[in-house]
Structures are given as C-alpha cells and as structure tokens.
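Structure, as structure tokens:
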Amino acid sequence: MSNRTTFIPADPTTPFAIKSSRVVTPDGEISAAIVVADGKISQIVTADQLPSGIPCNDLGDLVVSPGLVDAHVHINDPGTNWEGFETATQAAAAGGVTTLVDMPLNSLPVTTDIQSLQAKLNATKGKLHVDVGFHGGIVPDNEVQIAWLSKQGVLGLKAFLCDSGLEQFPAAGEHELRNAMAHLKPTRTPVLAHAEIVSEIETFGVRDPASYQQYVNSRPPLFELSAIKLLIGLCREHQTPVHVVHLATAEAIPLIEAAKQEGLPLTVETCPHYLYFSAVNIVNGDTRFKCAPPIRNEANRLALCDAVASGLIDTIGSDHSPCPPDLKQLDSGDFTKAWGGIAGLQLTLPASWTVLHDHGMTLTELAQRTATKPAETFGLGERKGKIEIGYDADLVVWNSDERFSCRPEQLYHRHPVTPYENCIMQGVVELTLVRGNVAFERAPQPKHPSPIGTILTHPDVQPDSVAAYLDSLPKAERTSALKSCCASAVWVARMAQAGKFGTDANVLQQAQKAADDMIEADWLEAFDAHPRIGDVNSLKKKYANTKATAGNEQSGVDTADDTTLVRLSEANEEYFQKFGFIFIVFATGKSAAEMLELLEQRLPNDRTTEITNAAAEQMKIALLRLQRLAK
C-alpha cells in the first residue's frame, strides 16, 4: 500500500468499503468487501454485491485482519516519564493494535483504588490513538477497593505473586487472592496474575551480574509452577476466572491442559518475546532482554509456540514494559540491577507471525490469539476482536509476506530501546482503522491523524452507579440505605448532608470524610449494629434489614469445623468482656479460622487500640456495603 492511495472518509458517519482477496474472518480467509458505517461493520459481501454509491478501497491481496487487542500494556502514566498514553497508543496503532488494556503499574499512583483510576482517566484526555481499557490492582489491604474498581468497569484485576519491583505495588498472597476472587466472582471479572512464587531454597545465586544464564537460573521454572498450581487450586475453589499472564515455562503446559480439561475458567497468555527469542541467542550483558519470568532455552521456546498454535495458550499480549534507558543498565550490563521489561508494543504482530506461521498457524488462528480471545477474556467479545457484522470496524491492513529489519527510529514508544533491534521480521502494517477512523497509515509517509481513541469499560457494569442510585433516592430512603452501611447516626447525617454525590469516587471520599473526628460513642453505635462473628442470627435483635448482607459477609463460617466455631464463640465472649463491644472485622473472603486468628491477635491489645482497629474495620464494611447498594 506504500504505492497506492487509500480513501477513507474524514467523516466517520459516511459509509465506505474496503475490499481484499484476504479478509480474515472467524471462519477463515475470504475474498470480500467490508462496508463500514458509523464506526461499525455493517456488511461483509462479495465485490459484486457491494451497494452502488459506496466508495471502495481496493487493497488487492493485502491481509485485512481484526485489529489486535493487547490486554497487557504498561503505559506508566501518570507520574513517570517511562511511557505515556500518546506515545503508547501511537505505537499500538502503528503495530495494528486497535485496543489495549493498561496495567495498574508503574504509573504513580498505581491503580489500586478508584481515585487512582480517575487520575489515569484524566491523563488520557486528548492523547488516545486507539481504544483503551484498564486493569486494576490487587495488593494487601485494598480488598474493599477491588469491589469498587470492578464497579467502575475495569476489565481485570492484576496481582503480583512476587516482588513487583515497585514498593507501591507489593506482592499478593493466597489471602489476597481469595478475597479478590470472592469479590469478583459475581461479575466474572478475571483475576490476572504474575505467576511466580519465589522460593529462596530453589534460588541459584548470581555470581556474575552480567551473566544471562545465571540470571535465568535465579528464576527457575519452579517459581512459575508453584504459582500456577496455587492459581488453579483457587480457580477450582471459587470458579472465578483466572488469567495467567506472560507464561514463560513450557513445563506448566501439562498443568494448564489438565485444568482446561476439567472445565476451569482458566486462560493463559504468553508474549512475543518468549516465542521469538531464546536464551542461546542472548549475550552476556545485553540487559535489553531482561524480563521476569526470563526468556528460557530453545526447546522451551518451541514448546510455547506449539502450545499457542494448538490453542492451549489462549492469548498473546506484548507485556510492553518500557523504562528510561539508564534503568536498563545498558552500560554496566548488570542483570541484577537492570529494570525487567521488554519494550515491543508495536511489534507483536510481526514478531508473532514470523515464528508462528512456521508452526503451521493460519492467519485466522493468529487473529484468534491476538484479537478474538483477548476481547472475549476481558468482556469485549461482543464488539471487538472479529471481522463480523455489528462489530467495531477495528481493522489492520498488512502485508504478511514483506520482511523488514527493525530499527529503533521506526518505533513510536517513548524510549526506543528494544531487544528486537536489527531483527528481521515478517509482516508490515499498512493501515490501522479504529472504529472506521484512520489511526495509522504507512504511505506515502507514516502518519498518525488526530487522536480518536475512547475509554472502554466492562459492558456488564455501569460506572458511578452507586452515586446515581443514592442521588435518585428520596431523603428518607437515602437515610435508610446509608444506615444499612453504617449505623452511626453521626456518619449517616454527615453523608446525608453531602448533597448530590455525582461520582462513585465522591461517594468514597465523602464516606471517609464523614468518619473523620467521630468520637467513641459514635463508633460504639456503629459496632452495636453488627452480629458477633459466626452468629448471624443475632441480627434479629439489631437491624434486620442487614441480615442477608451480614450473612454473605460472614459466609466463611459456613464450612467451619465445630472446634473452630466453639473457639470463635469463646474468643468473642472474651473480647466482649474485655473491651465492652463486639469484635469487628471485615469478614468477606475470610475463613472462620482466619477470623479466629485475627481475633486472638487482637485480644491482647488495650481498649484504645481496639477502638481504632474496630473503626478501621467498620469503615471497610461500610465501603463494601455502599458498593453493593447498586445492584
């Protein structure tokens, strides 16, 4: 297409068509014309069936595929100069990516609450060249925020099972994963996991920091296997969708295959760099290749390619994780200090096609892994990821035979440091359309028109629905709803006086502000409305309208053994006798044994400390109940 003129109307409401002998549909390649109207695919017809009067772009034998859906991108905006929404989405468009999903780190703040999500939304304005969705984060002590993030329409919630490298995003363990799965099961929002559990016993020391093989040995396959076993077990227990990101070890394939045969809602991603590179080609000191988990040997690479080709690995995501060049330790070549991350957002299509067509993959199968399945996994499968009538006209036009040598100056991400430099790849993007709008065109000179991207949210949720619900209620009903969340008359009055909330972020802000300066008597009034842990029926004497809510919150006691329940009852009584109020704990997602452990940990405290602890737990409960008001 570098030698042909393409006509796409400037007005996206004007119907137009493109035709090619190689249109990639879910059923295979066909010769067809695609009619685009109002940003959607309105018709797919043969050339002789094309309605008269519709301008048509004849693309010859160039491939027309669904635009890629890259669900694993670290844009790191706001708060850093590592990347940015403008440069990242320009790179995406140049690589045929029409939808990307931003990870919750390494932006500052990290996306672990809805206030930080709002900061990201603010940072996108006027900068998006493709459509963008967001993942939230799972970290210790943000269990309440997980429910709110889900309510705001994030497409997934991401956890690191090991050190993320960022102190603001600490590792999550089994406890945090259980809580997240309990919150997310009703919405079917996936839990994403960086699946490595570090075991010091199995860690091989790095004596030479420039040695790539020593770095690989320091993160053995066992780290991934341990994490994937845990995730599969929790997936089985909760039936919450789990998505393993950037699978790097082929040793996990039998585990994954067994879990899928069992029917578990498990999906798995790998990345182009694990399919394209192998450790044998990485020289010591070349820290451009550092990532975690590491790129492993050639046999491992080939096995991952086979798993992608067979469909056992569901999706391909770039895991684009750039940083400023100095953080890659390019001069020192020190793998122990270099930032771990591969920059390659623009190259997913050619890097993947270069290796996978040698494994017998068809263009239709490639589209399944890079567009259809990612869209389905993250709730976008009814509008993205397919060339089908009614879907968004997200299309990439490319030459699947043309080869090129990757040069950093061709790349649009902010810091053009990449291990793909000078690699010969196959597949050149000529044109990218996002909802029928030109997002990138190669000829006559590469160009990006004005930003046309939009924000994507999960289709099954309505952002700001809690605020809309509370704002719609008459005064008395609003007061009653607020009282079901926290029974302190002072807190309810302050919330009632807040006026129209407008946004869920403001609901949260006002809820926390209303708790400021509450005195002991106010907190005791709130505590008194709760049942004792494990004794839901005590609510009959309290606020009967919250009985079902508390029962759900305390569902962890349902499967407890008699010994645990007896001790829980005894410890509750000891606590009440010592402090004069019942034990308050945010019980959602906790087993009876975990609640008993927390109770016994808090029993030795003094009363002032316990008022503070109970107040903090009360606010977690209140925030969760607020989130549940809008069903």
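The values are calculated or read from the model by the stated rules, or taken from the named source; none is laboratory data. On a predicted model such as this, the values are computed, not experimentally measured, just so you know. With ideal geometry, Cβ positions are generated from the backbone for all residues, glycine too; neighbour counts draw on all protein chains shown. These area figures cover heavy atoms from the full protein model, side chains too; ligands, DNA and RNA do not enter into them. Shrake-Rupley method; radii C 1.70, N 1.55, O 1.52, S 1.80 Å.
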- Item | Residue check for residue 420: under 20 Å from residue 88 (Cβ atoms), open to solvent by 40 Å² or more (accessible area, probe 1.4 Å) and aromatic (Phe, Trp, Tyr) | no
- Task: Please work out which one of (1) closer than 30 Å to residue 472 by Cβ; (2) touching a Phe, Trp or Tyr at 6+ places or on another chain (Cβ under 9 Å); (3) at pLDDT 95 or above is the condition residue 490 fails and give its number.
- Result: (2)
- Query: Right, residue 235: hydrophobic (A, V, I, L, M, F, W, C) and in a helix (DSSP H, G or I) or not?
  - Reply: yes
- The listed residue being under 21 Å from residue 267 (Cα atoms) and surrounded by fewer than 24 Cβ atoms within 10 Å (Cβ to Cβ), out of 388, 382: 382
- Within the bounds of the stretch 102-121, is there any residue that is in contact with an Asp or Glu (Cβ under 7 Å, 6 or more places away or on another chain), within 30 Å of residue 397 (Cα to Cα) and not aromatic (Phe, Trp, Tyr)? no
- For residue 163, all conditions in the list (1) farther than 18 Å from residue 103 by Cβ; (2) open to solvent by 50 Å² or more (accessible area, probe 1.4 Å); (3) of a type outside the set (A, V, I, L, M, F, W, C) hold save one; what is the number of the exception? (1)
- Quick one: count up the residues across the stretch 402-428 that are in a loop (DSSP other than H, G, I, E, B) and not charged (D, E, K, R). 12
- Task: Kindly provide the set of residues from the stretch 140-160 that are touching a Pro at 6+ places or on another chain (Cβ under 7 Å) and either small (Gly, Ala, Ser) or crowded, with 23+ Cβ neighbours inside 10 Å (or both), ordered by number.
- Result: 152, 153, 156, 158
- Query: Taking the stretch 341-376, which residues are over 17 Å from residue 94 (Cα atoms), part of a loop (DSSP other than H, G, I, E, B) and open to solvent by less than 30 Å² (accessible area, probe 1.4 Å)?
  - Reply: 341, 361
- Task: State the number of residues belonging to the stretch 609-620 that are more than 15 Å from residue 519 (Cβ to Cβ) and open to solvent by less than 10 Å² (accessible area, probe 1.4 Å).
- Result: 1
- Scan the stretch 435-470 for residues that are in contact with a helix residue (DSSP H, G or I) (Cβ under 7 Å, 6 or more places away or on another chain) and of a type in the set (A, V, I, L, M, F, W, C) and jot them down. 439, 440, 455, 461, 466, 467, 470
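If we scan the stretch 539-549, do we find a residue that is outside any loop (DSSP other than H, G, I, E, B), among the β-branched types (Val, Ile, Thr) and either open to solvent by less than 70 Å² (accessible area, probe 1.4 Å) or at pLDDT 90 or above (or both)?
Residues of the stretch 539-549 outside any loop (DSSP other than H, G, I, E, B): 539-541, 544-549.
Remaining after also requiring among the β-branched types (Val, Ile, Thr): 546, 549.
The next check asks that each one be either open to solvent by less than 70 Å² (accessible area, probe 1.4 Å) or at pLDDT 90 or above (or both); those that pass are 546, 549.
Among the residues of the stretch 539-549, at least one is outside any loop (DSSP other than H, G, I, E, B), among the β-branched types (Val, Ile, Thr) and either open to solvent by less than 70 Å² (accessible area, probe 1.4 Å) or at pLDDT 90 or above (or both), which makes the answer yes.
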- Task: Could you run through the stretch 500-512 and say how many residues are charged (D, E, K, R) and open to solvent by less than 40 Å² (accessible area, probe 1.4 Å)?
- Result: 1
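Can you report the number of residues in the stretch 179-202 which are open to solvent by 50 Å² or more (accessible area, probe 1.4 Å), in contact with a Pro (Cβ under 8 Å, 6 or more places away or on another chain) and outside any helix (DSSP H, G or I)?
Number satisfying all stated conditions: 1.
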- Filter the stretch 588-630 for residues that are touching a Gly at 6+ places or on another chain (Cβ under 6 Å) and under 17 Å from residue 144 (Cβ atoms) and give the result. 590
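Could you grab me the full set of residues in the stretch 504-517 that are within 20 Å of residue 114 (Cβ to Cβ) and either free of Cβ contacts under 8 Å to residues at least 40 places away in the same chain or part of a helix (DSSP H, G or I) (or both)?
Matches in the stretch 504-517: 504, 505, 506, 507, 508, 509, 510, 511, 512, 513, 514, 516.
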- Query: Within the set of pairs 6+ apart or on separate chains, which have a first residue in the stretch 308-322 that is over 18 Å from residue 361 (Cβ atoms) and modelled with pLDDT of 95 or more, a second that is of a type in the set (Lys, Arg) and assigned to a loop (DSSP other than H, G, I, E, B), and C-beta atoms under 9 Å apart?
  - Reply: 322/414
- Might you let me know whether the stretch 65-77 holds any residue that is surrounded by 24 or more Cβ atoms within 10 Å (Cβ to Cβ), more than 25 Å from residue 376 (Cα to Cα) and not polar (S, T, N, Q)? yes
- Has the stretch 246-268 got at least one residue that is part of a loop (DSSP other than H, G, I, E, B), farther than 30 Å from residue 185 by Cβ and either among the hydroxyl-bearing types (Ser, Thr, Tyr) or touching a residue at least 12 places away in the same chain (Cβ under 8 Å) (or both)? no
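Which ones in the stretch 324-340 are outside any loop (DSSP other than H, G, I, E, B) and of a type in the set (A, V, I, L, M)?
Within the stretch 324-340, 327 is the sole residue that qualifies.
Mind listing whichever residues of the stretch 78-90 are of a type in the set (Val, Ile, Thr) and surrounded by fewer than 24 Cβ atoms within 10 Å (Cβ to Cβ)? Outline the logic, then answer.
Within the stretch 78-90, the subset of a type in the set (Val, Ile, Thr) is 80, 87, 89.
Matches in the stretch 78-90: 80, 87.
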- Is it the case that some residue within the stretch 292-314 is at negative phi, among the small types (Gly, Ala, Ser) and in contact with a His (Cβ under 6 Å, 6 or more places away or on another chain)? yes
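What helices (runs of 4 or more DSSP H) lie completely within the stretch 431-499 and have 2 or more residues being open to solvent by 30 Å² or more (accessible area, probe 1.4 Å) and closer than 22 Å to residue 115 by Cβ?
465-472
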- Kindly indicate the residue of the stretch 209-267 that is among the basic types (Lys, Arg) and surrounded by fewer than 19 Cβ atoms within 10 Å (Cβ to Cβ) and also farthest from residue 183 (Cα to Cα) among those meeting that condition. 260
- Within the set of pairs 6+ apart or on separate chains, which have a first residue in the stretch 419-439 that is without any contact (Cβ under 8 Å) to a residue 24 or more places away in the chain, a second that is open to solvent by less than 20 Å² (accessible area, probe 1.4 Å) and not in a strand (DSSP E or B), and C-beta atoms under 7 Å apart? 422/406
- Message: Anything in the stretch 504-523 that is among the acidic types (Asp, Glu) and modelled with pLDDT under 95? List them, or say none.
- Response: 504, 516, 517
- Which one of 306, 314, 286 is crowded, with 18+ Cβ neighbours inside 10 Å and acidic (Asp, Glu)? 314
